[in-house]
Amino acid sequence: MAWHFHSSCHGSNISVRSTALTVIRNPDTYDNGITFSDTQIQAGTVVSLFFKKSTNRWAGMPRIGFTNQNPAQVDTQSLPSIYTKEVSYQSHTWAMSLEKGSENIFVDYTFDEIGLVTVRQLGWPEKLQDTRGAVNFKRPVWATVDLSGCYTCVMKNEPSAYMPLEIVEQGVNAQHLYIEALSMGSRSVYHTRLVLIGQGREEKTCLMKTLTNDRYNTLESCGGGIDNSLTVKIDGTKSWHDFREAIEQGQAGTRLHAGVGDSVDDVFLNIWHFAGQDLHGPTNQVLFTHRAVYLMVFNLGCDLHKPAVIESVAPDGRKVVEHHELTNWECMDMWMQTMYMYVNTGKQSLVATERTSPAIIIVGTHRDSLGKDTEEKVKAQFANIREALQDAPYKQHVISQDFAVENSLEDYSQAEILALKTLIAEVSCSEYYMGEEIPLKWLQFEEARLRSSPIMSVAMVRQTIEKSIGNMADAEAMLMLKYYHDIGEIICFDGQKDSPLSQDPSEAFLADRRWLIKVFQKFATIHEAKDQSPSLMSSLERLNKEGILEDPLINHLLGDVLSEIQERPIDSTLDTKQALLGSMHKLDLLCERLDQNAGGGEWMETNAQVTTRRTYYVPSLLGKYSITKRHPLSPESSYIFYIHFVHIVPDSLFNQLVVRALGWSQAQDGTEQLPRIAHRYACFPADGDHEVEMEMSPLKQAYIRVCISKHSVIYTSTQGPSKSRRLQCKPSPIIVCKVRDFLCVTLKSIKSMWAKGLKFHLCVSCPCDPEGALHFLLLDECLEKERVCCHEQPGVRIDTSGIKQMFVESGPSSLRKLDPYVMSEKHLLAIAAELGPEWERLAVSLGFTQSNLYRFKQDNSVTDNAIFSMLVAWSKREGGDIERKLQVLSEAIDECGRRDVVEKMLHIYM
């Protein structure tokens, strides 16, 4: 039976947290710290406790024990100040002092039917205690703790009570590593982000300054990307103290974490705001984080049903004002939908069980500019929003309270602003991750990292760990880095080797997330730069029209960035420019352009020599009106299917898919033609005979059209051109399946890595009404059934034979012939050699049990052999369908985060 700490029976200096999983003693006192379990403890039940040291003012160790005293019947005034041997026996209580050792103590203890107590304290040998002289174990027994001395906090050792969810979800091994790290000392962390989202003209900067009591000049421009340097401490609700100086001095690691005695209301907020324009969408996969409170800011003076207005800067420097394709409400909805897609965790807050984390608070600005009948207009606006939210997938994230403020005023004490600050504090404190115990040495590393280079190689990471902490095992180091990656502090580029901390020292291993955003925004706002040379203007024009980024422009953009890095400790093992470009490639922001006629890059002839300069595809930086030459398609030589997204497909997601598709295309054999890209469009070869077009629909329609066409062939004649003939053929179903499978695996990979809430279906257009509105049939259903139902016209059945011909050739001669090497034991052995620690997760994904894993390990002392045995066993179990095995294994390895293995060892055969 689950037990908790007794909420009312305890010493006078004890307080019990609302969850009844944590007990705290007043640090100004030494004694009166006795507490009990709220239920009886049965023989064999393990009482597992975590004692946290928080003061050196007092000597002495806490005591653990069992008692026959029923806490529901105990007079708390009669409790002793501490447990002594004499007092214990008089009250039918046994208690023993814990051993002195590491900073924090983890201990498990239990008793058997005859009264022998087993005690296991981390770092100490197991002890057996005979307590039958004090406690009658044939009668009801309760657990008891004397929280005296230098330990002022005890928690029930349930990982969910104090351990970050990101650690808990990694399994038992990760939890044991984390507990060992905590035993060396820890600190409670109350830290989150406040993120302001919304369109660019919604005065988010002004609202941010109003919230932080920073005077705002009404002539000052708002927007400008993301303010990632403003950190405040909430002291109650009225005073938010600016901690920017602490951040700049690298003191954030020590000042953003509260101790046991600190008020939970003292929450540290790192405030970000998005510029709001479409330019800044490319970094959505980096910007959004689940550890945040979001303010959805909009202008109360704008009609929600009219098109939103966008202000941008043209390549020639002119300020451009245009209408968005979405209305003001649809833009708000797109922001919240995108947030939901990238950060939805399904986790509830600590106190508001009806709300899902992260929280969204809707704030309307320009209240006082509404003129007459202000209250009625405000109510009408919010009523429209609440009605629209009824069917929104993110509805559970939205706080029920709305706010209407005038944020250009210098009166920071206005009631609505104070109410908003109060709610932000309450919501922040209720998040499930507040108060987590973080190892002190991890906090020391994070503090050192903030003072180091924002982009690091493995060598620099190791050096930073050694200088800030000392020795740390690779397993713990990777757990720490993955934790800071998962909570949105860094981007950790791991998983490319069997042992990530032994990878090529010249590669970027981790980067500060906020710094990466800042760098990419330099690219996104390059059109706003002035006084550019003719050569740079030419490069800018090419970037705007073709989406191709050239080396000179990169050097120009990164000049300030590289200079900034030089002011910090330098990573001598890293080519910072190439490391940064490599990082952006791993984030699906760009892809190197391989001119296959020139052998890579582009030829550039000078007076002395011929050199090659690198160019990159960057689809997110294309101008909105960029176009590219499109070849007329013939129904006889093309097949079309669709990727239909549930809810939305933001530009950032399409651009991620395009970047990966361009890389995939350039790696295929026989692809002599270079890809072409334009705004929401990409065209690239699948092989020497086939071309793929991907085109994104308008935002409201949420689909991507995929067209695979086969080049026509003109057969010449010795009788002259007049006798030549053109032959058009349908695309090969093998190529169609290859493209389909690539896109499906890639989207699943993006979902696994970034967009946790992404939902999509592969579809074909329904032929029931060629002149009517486009609607879809599910592709999987069409391939499985002879006839399917049209959902637009329920009385109509669609014959699927024509659809099947797109993906399955008819006749025995069309059966795909695969290399005998594929899925052979030799192939599986090569795959095994590429895999590392993630192989156990892969085995579980492929259907093996823990007992199977134990047998693989027992039978094979070498890890590679164990992995190989597992793969062979799986292959035999799956049978002889090679293509199906390729698909299943590719998806399973990709879900384990090893896309590099899929691309290297499997995609080439699919």
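The values are calculated or read from the model by the stated rules, or taken from the named source; none is laboratory data. In this text the structure is predicted, and so the values were computed from the model without any measurement. Here the Cβ positions follow ideal geometry from the backbone for every residue, glycine too, while neighbour counts run over all protein chains shown. Surface areas here come from the heavy atoms of the whole protein model, side chains and all, with no ligands, DNA or RNA. Shrake-Rupley method; radii C 1.70, N 1.55, O 1.52, S 1.80 Å.
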**Message:** Conditions first: (1) modelled with pLDDT under 85; (2) out of contact with any Ser or Thr (no Cβ under 9 Å at 6 or more places or on another chain); (3) surrounded by 14 or more Cβ atoms within 10 Å (Cβ to Cβ); (4) under 27 Å from Trp272 (Cα atoms). Thr628 passes all but one, so which condition is the exception?
**Reply:** (4)
**Asked** Which condition number does Asn173 fail, the rest of (1) closer than 22 Å to Met478 by Cα; (2) in contact with a Gly (Cβ under 8 Å, 6 or more places away or on another chain) being met?
**Response** (2)
**Request:** Residues being at pLDDT 90 or above, within 19 Å of the chain's Cα centre (by Cα) and not in a loop (DSSP other than H, G, I, E, B): count how many of those fall in the stretch 265-314.
**Result:** 3
**Message:** Please verify whether Leu842 is at pLDDT 90 or above and either touching a Cys at 6+ places or on another chain (Cβ under 7 Å) or outside any helix (DSSP H, G or I) (or both), treating the condition exactly as stated.
**Reply:** yes
**Asked** Do we have any residue at all in the stretch 45-55 that's under 18 Å from Leu98 (Cα atoms), over 44 Å from the mean Cα position of the chain (by Cα), surrounded by fewer than 17 Cβ atoms within 10 Å (Cβ to Cβ) and of a type outside the set (S, T, N, Q)?
**Response** no
**Prompt:** Any idea which of (1) open to solvent by less than 10 Å² (accessible area, probe 1.4 Å); (2) at pLDDT below 55; (3) not basic (Lys, Arg) is the one Gly198 doesn't satisfy?
**Reply:** (2)
**Message:** Condition first: in contact with a Lys or Arg (Cβ under 6 Å, 6 or more places away or on another chain), hydrophobic (A, V, I, L, M, F, W, C) and at pLDDT below 75. Now tell me which residues in the stretch 692-741 satisfy that.
**Reply:** Ile714
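So that you can scan it fast, the table gives a plain yes or no per residue for (1) assigned to a strand (DSSP E or B); (2) at pLDDT below 80; (3) closer than 17 Å to Ala511 by Cβ:
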site: Met537; (1), (2), (3): no, no, no
site: Leu540; (1), (2), (3): no, no, no
site: Leu543; (1), (2), (3): no, no, no
site: Leu549; (1), (2), (3): yes, no, no
site: Val561; (1), (2), (3): no, yes, yes
site: Arg568; (1), (2), (3): no, yes, yes
site: Ala598; (1), (2), (3): no, yes, no
**Asked** Has the stretch 863-876 got any residue that is under 25 Å from the mean Cα position of the chain (by Cα) and either modelled with pLDDT under 90 or assigned to a helix (DSSP H, G or I) (or both)?
**Response** no
**Asked** Is the stretch 354-373 home to any residue that is under 30 Å from Arg542 (Cα atoms) and modelled with pLDDT of 85 or more?
**Response** no
**Asked** Of the residues that sit in the stretch 1-37 and are of a type outside the set (S, T, N, Q), assigned to a loop (DSSP other than H, G, I, E, B) and under 24 Å from Ser430 (Cβ atoms), which one is modelled with the lowest pLDDT?
**Response** Ala2
**Message:** Between Glu376, Glu431, which is acidic (Asp, Glu) and open to solvent by less than 20 Å² (accessible area, probe 1.4 Å)?
**Reply:** Glu431
**Prompt:** If we scan the stretch 465-486, do we find a residue that is in a loop (DSSP other than H, G, I, E, B), open to solvent by 10 Å² or more (accessible area, probe 1.4 Å) and of a type in the set (D, E, K, R)?
**Reply:** no
**Residue check, Ser18 under 19 Å from Glu158 (Cα atoms), within 42 Å of the chain's Cα centre (by Cα) and open to solvent by 10 Å² or more (accessible area, probe 1.4 Å)** = yes
**Request:** Report whether or not Ile417 is aliphatic (A, V, I, L, M), buried (at least 20 other Cβ atoms within 10 Å of the Cβ) and farther than 30 Å from Thr210 by Cβ.
**Result:** no
**Request:** Filter the stretch 123-144 down to residues that are on the phi < 0 side of the Ramachandran plot and open to solvent by less than 100 Å² (accessible area, probe 1.4 Å), then give me how many there are.
**Result:** 15
**Request:** Select from the stretch 315-337 the residues that are of a type in the set (A, V, I, L, M, F, W, C) and in contact with a His (Cβ under 7 Å, 6 or more places away or on another chain) and write down the one among them that is modelled with the highest pLDDT.
**Result:** Trp329
**Request:** Could you tell me whether the stretch 171-194 includes any residue that is under 30 Å from Leu326 (Cα atoms), crowded, with 16+ Cβ neighbours inside 10 Å, at pLDDT below 95 and not polar (S, T, N, Q)?
**Result:** yes
**Request:** Please specify each residue of the stretch 651-674 satisfying the condition of being open to solvent by less than 10 Å² (accessible area, probe 1.4 Å) and not in a helix (DSSP H, G or I).
**Result:** Thr671
**Meets criteria (assigned to a helix (DSSP H, G or I), farther than 22 Å from Cys744 by Cβ, open to solvent by less than 40 Å² (accessible area, probe 1.4 Å) and of a type in the set (A, V, I, L, M)) for Ala892** = no
**Asked** What pairs can you find where one residue is in the stretch 774-788 and farther than 13 Å from Tyr642 by Cα, the other is assigned to a helix (DSSP H, G or I), and their Cβ atoms are less than 7 Å apart, with a gap of 6+ or different chains?
**Response** Cys782/Ile803; Leu783/Lys804; Leu783/Phe807; Val788/Glu781; Val788/Cys782
**Request:** Return yes or no: is Leu165 open to solvent by 20 Å² or more (accessible area, probe 1.4 Å) and more than 30 Å from Leu269 (Cβ to Cβ)?
**Result:** no
